[in-house]
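To start, the structure under review is shown below, and the notes come after it.
The values are calculated or read from the model by the stated rules, or taken from the named source; none is laboratory data. Keep in mind the model is a prediction, meaning the values are calculated, not measured. Using ideal geometry, Cβ is built from the backbone for each residue, glycine included, and neighbour counts are taken over all protein chains shown. Note: accessible area is taken over every heavy atom of the protein model, side chains too, but ligands, DNA and RNA are not part of it. Shrake-Rupley method; radii C 1.70, N 1.55, O 1.52, S 1.80 Å.
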Amino acid sequence: MRTITLINGDGIGPEISDSVVKIIKASGAEINWDIQTAGADVIEKEGTPLPQRVLDSIKKNKIALKAPVTTPIGRGFRSVNVQLRKELDLYANLRPCKNLPNIKTRFENVDLIIVRENTEDLYAGIEEQIDENTAHSIKVITRQASERICRFAFEYALKNGREEVCAVTKANIMKLSDGLFLESYRNVAKYYPHIKQREILVDNLCMQLVQDPTKFDILVLPNLYGDIVSDLTAGLIGGLGVAQGANIGHDCAVFEPVHGSAPDIKGQNKANPTALLLSAIEMLKYIGENTYAQNIEHALFKTLANGNKTADIGGTLSTTEFTEEIIKNLG
Ligand code: NAI
């Protein structure tokens with residue numbers, strides 16, 4: 001039996017984790033969940049939102065499934081999500097974005113892969129208050145991290161039969177930092193002559209994505225642009241409730257949805273567990289449990305195709321009703 005760390009998060013985290021754990025159990029996949037709490041709820045008892053035991057558990061098990069954890073906005077503790085990615089050097093944030101059955105959106109055939117650098121950029125969290133009216137944030141871009149993420153994107157393209165890797169920057173303005181990212185992309189791209197190359201500025205990309213996302217394949221971006229563009233691309237396939245993701249490093253991988261803890265619908269049995277479920281399906285594939293992964297994916301697609309959906313994607317089912325439907329459709 002495989003042991004996997006489960007961070008069930010806060011906000012809607014516990015509701016969607018419960019749903020996904022039930023579905024995986026019903027599929028017959030034998031997973032022993034090592035449940036680890038993190039975030040605001042553990043600060044009082046343990047003095048930190050990300051206790052060492054969470055990191056130790058992931059280092060030991062190598063794989064984690066993670067529901068969202070709230071980060072206070074404009075004050076308070078540093079993001080647990082950002083710390084986790086940094087501490088475990090989960091340098092690649094992979095966010096596939098593909099249409100799902102029976103979720104009507106503006107475009108059909110969206111099939112994009114976002115590869116977001118996950119350890120530096122403005123997310124390094126280096127900020128200083130100069131005076132009452134001025135604050136600085138430092139954007140850190142290194143050749144090592146930029147080449148590493150571009151190599152990941154090209155390798156992903158090769159392994160998954162994708163045609164193009166497009167570098168996204170604002171190198172016309174941030175000539176040194178984004179310029180270094182672009183130079184790193186060009187250095188790496190030389191080794192992949194069979195994969196098409198393309199460069200685009202992030203503002204132009206956003207305009208083109210909302211006009212016709214089918215013109216793009218794999219996008220490789222520094223951290224902040226990757227964060228923002230992947231919410232945009234989530235919108236192209238039905239919203240945050242269906243947008244999956246994974247944070248991948250050399251030693252460990254943490255699978256988590258793109259969305260946050262959705263405090264506005266917390267505890268209302270309304271949350272869509274699809275994004276976490278799709279992340280878990282990728283996790284099962286990653287550990288070689290393809291049969292279970294395919295069975296769950298098939299059950300999810302059948303449920304959606306039958307018109308059984310949560311409210312965020314135009315349906316009427318609660319989280320628990322949607323979960324039961326998926327379980328009924330398992331082969
Ligand atoms: P959010 O993603 O939590 O919510 C944005 C909107 O999408 C809300 O209206 C919410 O109800 C809806 N939504 C999100 N997930 C949904 C789901 N599964 N089903 C149905 N509707 C869903 O973004 P927001 O409000 O900006 O952030 C809330 C908190 O989450 C913040 O503290 C933020 O820092 C944190 N966060 C955590 C992340 C993580 O743990 N990886 C990622 C993003 C945000």
(request) Run down A157, A167, A171 and say which single residue is surrounded by 11 or more Cβ atoms within 10 Å (Cβ to Cβ) and part of a helix (DSSP H, G or I). (result) A157
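Hey, among G235, G260, G245, which residue is under 30 Å from Q208 (Cβ atoms), near the ligand (Cβ under 9 Å from one of its atoms), under 22 Å from the mean Cα position of the chain (by Cα) and open to solvent by 20 Å² or more (accessible area, probe 1.4 Å)?
So the residue among G235, G260, G245 that is under 30 Å from Q208 (Cβ atoms), near the ligand (Cβ under 9 Å from one of its atoms), under 22 Å from the mean Cα position of the chain (by Cα) and open to solvent by 20 Å² or more (accessible area, probe 1.4 Å) is G260.
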(message) Taking the conditions exactly as written (more than 16 Å from the ligand (Cβ to nearest atom) and either in contact with an Asp or Glu (Cβ under 9 Å, 6 or more places away or on another chain) or not assigned by TED's automatic domain parsing to the domain that holds E297 (or both)), does A29 satisfy them or not?
(response) yes
(message) Regarding the stretch 87-94, can at least one residue be identified that is at pLDDT below 95, at negative phi, open to solvent by less than 50 Å² (accessible area, probe 1.4 Å) and within 15 Å of the ligand (Cβ to nearest atom)?
(response) no
(message) Among the numbered criteria (1) among the polar types (S, T, N, Q); (2) modelled with pLDDT of 95 or more; (3) part of a helix (DSSP H, G or I); (4) within 15 Å of the ligand (Cβ to nearest atom), which one does Q83 miss?
(response) (2)
(message) Suppose we filter S184, S230, S177, S137 for residues that are closer than 19 Å to E117 by Cβ, surrounded by fewer than 15 Cβ atoms within 10 Å (Cβ to Cβ) and outside the structural domain of H259 (by TED's automatic domain parsing); which single one remains?
(response) S137
(message) Can you find, within the stretch 19-32, the residue that is farthest from F255 (Cα to Cα) among those that are open to solvent by 40 Å² or more (accessible area, probe 1.4 Å) and in contact (Cβ under 8 Å) with a residue 12 or more places away in the chain?
(response) A26
(request) Output the number of the condition that I296 fails; it satisfies all remaining conditions of (1) at pLDDT 95 or above; (2) within 15 Å of the ligand (Cβ to nearest atom); (3) not small (G, A, S). (result) (2)
